[in-house]
Amino acid sequence: MHRTTPRVRTIALAFIACVAACLGSWSVALGAESSSPATPTAAATGTSATAATSAGQLDAYLAGKGSPMAGSGNALMASGGRWQIDPRLIVAIAGAESNFGSITCAPFNAWGYGCPNGPYDFSSWADGIDTVAQGLRTNYLSEGRVSVALINLKYAPLGAANDPTGLNNNWTANVSRFLIELGGDPNDIDTGRIGGTRLLGLPPALDPVAAAASSAFDFEEPVAAAPASTGDEADATEPLTVRAGAPEPLVVEVQNTGSATWTSSNVRLRRTDLEPRVVGAPYGALDSAEGVAPGETGRFIVPLAASGASDGSARTTWQLEGPSGAFGSAIEREVAFEVPAFVAADAQVDVAPGNGGINPDAAPLSTVVVHVRNAGSTTWTRDGDEAVQLVARLAAGQPLGHEAWPGDMVAARMLERTTAPGETASFAFRVRGVDGGIAFRLARGDVYASGHPIVLQVGALTPDELARLEAVGDGDVDVTIS
């Protein structure tokens, strides 16, 4: 029997010869061994997760991330069906814990299981995948933890004693981000049941509950989508245009032709295609606080953005869902996408205490590693005239910096030699000082990347200084070093 225990997350810094630094995260096991595993069910047939993805699509996603787990798609689908859990969640957790298996604490352990004190040595990726799926079903879903946020509270608890830098605070956001990229739903990872009532995904002909409710929920043929902006409605024949790093709302308007009133709690719009060049939320919410009565028209809004290396267009597919599952016909919407050349997105910041030396009066030293995804259409390079660098654009409070910075305002060069569109680049640097803040951007020559800046705060700032940093970061500070 495999052990499956709750755990919390801590980090350690390792240096390798070919780069200045790289940061990995490990996990430490807490609690007692589970008394007994859950009994696996038969592999799911037509569940929401298995209907929306495939082994090939999971393998393509992992290959795109440069993951050594690529090729495990069949194992992911089998374990997801066996333990009635969305296989995309297993991939997403691996992304947050180990960069999709690239930095592991033990053989084939991409999920931080038992690390670092009692790491699990799996015999293969398939072995690890099935153990993790079983553990999630046994110790999480069986307790009603059917969302990423609820799993976070036990898998990577906030405020854990051995998480001094607060990395667990980012666990929900990171897992959710990868899950959404895969077309999954962070609030719906239990493929076996909704609210403990019935299996998902059976067609009405095979599901008497869905058949009985089918007359209550229906809609007329959908009309064309239009932007949700305050300006004029777009021409019905014009597709929505989205860009990398800047989500735009897709609006789907349909008329309620059933006998039940729609509300945000009983009807939603689910995306059913897996077009990788258009990313965003897997569901669209009903844009009505009062509900949509029979005969009225309802609007569902979904934020979408572009992801890829070139401009183009794609057809997205949607399905309305009610209390008993999908109803009505499929809804198709054309989406055009534009990918600017130089875009940075999905920044993640890791921090570890640095070696401050023997001088007791020296200011505290920290090592910072920033991971940024290339969301543009051109490859980033580390060297030459087109080298991509992490540059300080705004400072607040006391000066921060370190003598090892390549330049006065250049904190770090890219660790990787090249980073293709869709891949993630890393920038490692040190900061020394107290009570200061810096907003960083990526720069290539005298051109700054589109996308949000990375905002770092050290110690305490005055309200005015903090407001300056938060204004640059759209109200957010990415990481605070206390």
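Taking Lys and Arg as +1 and Asp and Glu as -1, the other residues whose beta-carbon sits under 13 Å from that of Thr104 total -2.
In sequence order, region 183-188 has phi-based couplings of x, x, 10, x, 9, 8 Hz under the Karplus curve 6.51 cos²θ - 1.76 cosθ + 1.60, θ = phi - 60°, and Gly or Pro positions carry x. Peptides 385-391, 416-422 ranked from most to least packed, by the mean per-residue count of other Cβ atoms within 10 Å: 385-391, 416-422. Remark: region 260-266, residue by residue, has Karplus-estimated 3J(HN,Hα) of 9, 7, 7, 9, 5, 9, 10 Hz, where x stands for each Gly or Pro and the curve is 6.51 cos²θ - 1.76 cosθ + 1.60 at θ = phi - 60°. Phi-derived couplings, Karplus 6.51 cos²θ - 1.76 cosθ + 1.60 at θ = phi - 60°, listed residue by residue for region 423-438: 8, 10, 9, 10, 9, 10, 7, 10, 10, 10, x, 9, 6, x, x, 9 Hz, with x used for Gly and Pro.
Coordinate-derived values only; no laboratory data. Only a predicted model underlies this, so the values are computations on that prediction, with no experimental measurement involved. Using ideal geometry, Cβ is built from the backbone for each residue, glycine included, and neighbour counts are taken over all protein chains shown.
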